[in-house]
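No value in this document is a laboratory result; all are computed from the given coordinates. This one's a predicted model, so the numbers in the text were calculated from it and none came from an experiment. A quick note on method: Cβ atoms are made from the backbone with ideal geometry, for glycine too, and the neighbour counts reach across all protein chains shown.
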């Protein structure tokens, strides 16, 4: 039986917030591979974005959770166009013109525009626009109009989650939902989840061992109930440095 199955956020967790490098985590990634433990990437990134990173990390033999849990990129599979994204775009297209104009999604932007609003390089912005399940966008209307927009979305079974900058539309499912599905498939002795942001909390709380990776530039996370019981702990170092130390400590049973 697999000892640990690790679920990890990317930006600010396994990837450095500034450089997007995972080099500092290479020792722990190697130790996990040697121990026969799996690593499932779990991110807001799209399938094409994650496929490239997964291959670079040597994790292509494991599934990945994409677009904040809205979809799964299976082990060894190439990303495919998702019908859910087409449904979201169709719903947007049927909205009254004034309401529709207030939401500008990635599908309404060029690669250059997405690069400008996200800070991504143009080639990375192109991958971010290859969506399968969710539509992030910028809301420019009033608060009252937003309430009406959200109500209409809810009637259509569409969930809307406000992040730091983008309002993201989806048909539901979270990182924690996908973690449960994948963990049931592999049946490890224990699950480990690492993340640094509010959208990682459900996954961290649902794991047998949760790790909050320090992110000085992020919004921070409140103290979680399982921290008192020692089921969730926080790293002193940020990004892949904190990730590396936490995973090596878990493997050596220091925690």
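Just to compare against my own numbers: the Cα pair-distance distribution for the stretch 139-210, 10 Å bins, whole % per bin, please.
Taking all Cα pairs of the stretch 139-210, the binned fractions are 17, 38, 26, 16, 4 percent.
If I model a spin label at residue 2 and residue 144 as a point 7 Å from the Cα along the Cα→Cβ vector, what separation in nanometres do I get?
So the label points at residue 2 and residue 144 sit 5.2 nm apart.
Run the numbers for residue 30 and residue 151: contour at 0.36 nm per residue of separation, minus the present Cα-Cα distance, in nm. Provide the component values of the computation, followed by the final result.
Numbers: separation 121, 0.36 × 121 = 43.56 nm, distance 4.73 nm.
Between residue 30 and residue 151, full extension yields an extra 38.8 nm.
Before anything else, pin down the relative contact order of the chain: Cα pairs under 8 Å, at least 6 apart, normalised by residue count, whole percent. Intermediate values should be presented prior to the final figure.
On the way: 449 pairs, mean separation 63.3, N = 255.
So the answer I get is 25 percent.
Which number comes out as Rg/Rh for the stretch 175-252 once both Rg and the Kirkwood Rh are worked out on C-alpha atoms? Could the numbers behind the result be given before it?
Values: Rg = 12.2 Å, Rh = 12.8 Å.
Value, to two decimals: 0.95.
Please give the calculated 222 nm ellipticity per residue for the chain, where each DSSP H segment of at least 4 residues contributes -39500 (n - 2.57) and the sum is spread over every residue; nearest 500 deg cm²/dmol? Before the final figure, lay out the partial values.
Values: 11 runs with 98 residues, N = 255.
It comes out at -11000 deg cm²/dmol, rounded to the nearest 500.
What distance in nm separates the two pseudo spin-label positions at residue 121 and residue 100, each 7 Å out from Cα along the beta-carbon direction?
The modelled label-to-label distance comes out at 3.6 nm.
Return the distance in nm (one decimal) between the two label points of a simple spin-label model at residue 187 and residue 252, each offset 7 Å from Cα along Cα→Cβ.
So the label points at residue 187 and residue 252 sit 3.2 nm apart.
Across the stretch 22-154, how large is the tail of the calculated P(r) beyond 19 Å, expressed as a percent of all Cα pairs? Before the final figure, lay out each step's value.
Numbers: 5033 of 8778 pairs.
The proportion of pairs with Cα distances above 19 Å equals 57 percent.
Take the chain, connect every pair of alpha-carbon atoms lying under 10 Å apart with a spring to form a Gaussian network, then pick out the residue of 118, 168, 134 with the largest mean-square fluctuation.
Residue with maximal mean-square fluctuation among 118, 168, 134: 118.
Evaluated at 25 °C with a viscosity of 0.890 mPa s, what Stokes-Einstein diffusion coefficient in µm²/s does the stretch 100-248 have when Rh comes from the Kirkwood expression over alpha-carbon pairs? It would help to have the intermediate numbers written out before the result.
On the way: Rh = 17.6 Å.
Using the Kirkwood radius from Cα pairs, D works out to 139 µm²/s.
For the stretch 6-22 and the stretch 47-86, compute the distance between their C-alpha centroids and round to whole Å.
Cα centroid to Cα centroid, the span is 16 Å.
Take every Cα pair under 8 Å in the stretch 194-255 that's 6+ residues apart, average their separations, divide by the length, and report that relative contact order as a whole percent. The partial results should precede the final answer.
Values: 75 pairs, mean separation 19.4, N = 62.
Result for the stretch 194-255 is 31 percent.
When Cα extents along the principal axes in Å is calculated directly from the model, which label among (1) 58, 43, 38; (2) 79, 36, 34; (3) 58, 38, 34 fits?
Among (1) 58, 43, 38; (2) 79, 36, 34; (3) 58, 38, 34, the one calculated here is (3).
Express the relative contact order of the stretch 83-170 as a whole percentage, based on alpha carbon pairs under 8 Å and six or more residues apart in sequence. Write out the running numbers ahead of the final one.
Numbers: 96 pairs, mean separation 28.3, N = 88.
Once divided by the residue count of the stretch 83-170, the mean separation gives 32 percent.
For the stretch 83-170, what D do you get in µm² per second when you plug the Kirkwood radius from alpha-carbon pairs into Stokes-Einstein at 10 °C and 1.306 mPa s? Write down the numbers at each step before the final one.
Details: Rh = 13.3 Å.
D, rounded to a whole number, is 120 µm²/s.
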